[in-house]
């Protein structure tokens, strides 16, 4: 029997400040202290040279009328920063990889000598590895089997179990010739359902036109800029398994 236990290790992530959530980016500055301008997409116009220009929002503040309903819904779930500044301003509650979990791996092995020339060996290994996968760490993770009430983190209950069966046969033909044959079967399956499934986030956020939507909170990613903020949630489930058979002879 093999047993292992892993714990969480925190990290520092970037989340928007309360002012940013209101559309106020007047305090958004670079390392030199200069303001990073936020441009109004509605002001886009040609510069006459084959490119385009945009006007900066007055005071670097986005008017409330230009903040979408989806953004308003998402913003209400965002916690306040736990550290000063606009970057690296929040102690993540999640583990760097996954939080606390236990792994059980029982092993049964039998060896049998038929004669001085012929031996058999069989083994069975099973690994039971239930885990709560949790990235982001902006809120407390729901317990195993419980729904996710704050949709920003990527949290799901993962059942990642496997078993292995081995049969070995050894036969000594001569003092210098040994035949070793192995028949094996390996099975692995991975189940991890998004814990926001069935909560109707497509309707709450105004997302339409997606057939067979399970109502999970969508994945929201960011790129570019001085520092990309934390990714929100994960837009997929894990439901897969495989079985492998092999015959090896040496």
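Any read-out appearing in this document is the output of simple, stated calculations on the displayed coordinates, not a laboratory observation. Just so you know, these numbers come straight off a predicted model, no measurement behind them. Don't worry about glycine lacking a Cβ; one is built from the backbone with ideal geometry, like all the others, and counts go over all protein chains shown.
For this structure, a couple of remarks:
- Ranking of 178, 232 by neighbouring Cβ atoms within 10 Å, starting from the fewest: 178, 232.
- Kirkwood Rh in Å, taken over all unlike Cα pairs in the stretch 181-224: 13.8
- Three-way shape label, the stretch 171-250, alpha-carbon gyration tensor, a/c 1.5: prolate
- Relative intensity of the stretch 111-250 on a log10 scale, I(q)/I(0) at q = 0.14, 0.15 Å⁻¹, equals -0.77, -0.83, per a Debye sum over C-alpha point scatterers of equal strength in the absence of solvent.
- Dimensions (Å) - the stretch 1-134, Cα atoms, principal axes, largest first: 91, 40, 34
- Cα-Cα P(r), the stretch 89-186, percent of pairs per 10 Å interval: 13, 28, 18, 15, 13, 10, 4, 0
- Ordered by the number of other Cβ atoms lying within 10 Å of each residue's own Cβ, fewest first, 216, 249, 238 fall into the sequence 249, 238, 216.
- Helical content of the chain, expressed as a calculated mean residue ellipticity at 222 nm, amounts to -1000 deg cm²/dmol (DSSP H runs of 4 or more residues, -39,500 (n - 2.57) each, divided by residue number, nearest 500).
- Cα gyration tensor, the chain - rounded (a/c under 1.5), prolate or oblate: prolate
- Cα point-scatterer Debye curve for the stretch 21-70, base-10 log of I(q)/I(0) at q = 0.29 Å⁻¹: -1.06
- Inter-site label distance for residue 114 and residue 75 at 7 Å from Cα along Cβ, in nm: 7.6
- Cβ-Cβ FRET estimate between residue 55 and residue 214, R0 fixed at 51 Å, reported to 0.05: 0.80
- Sorting 108, 165 from the fewest to the most surrounding beta carbons within 10 angstrom yields 108, 165.
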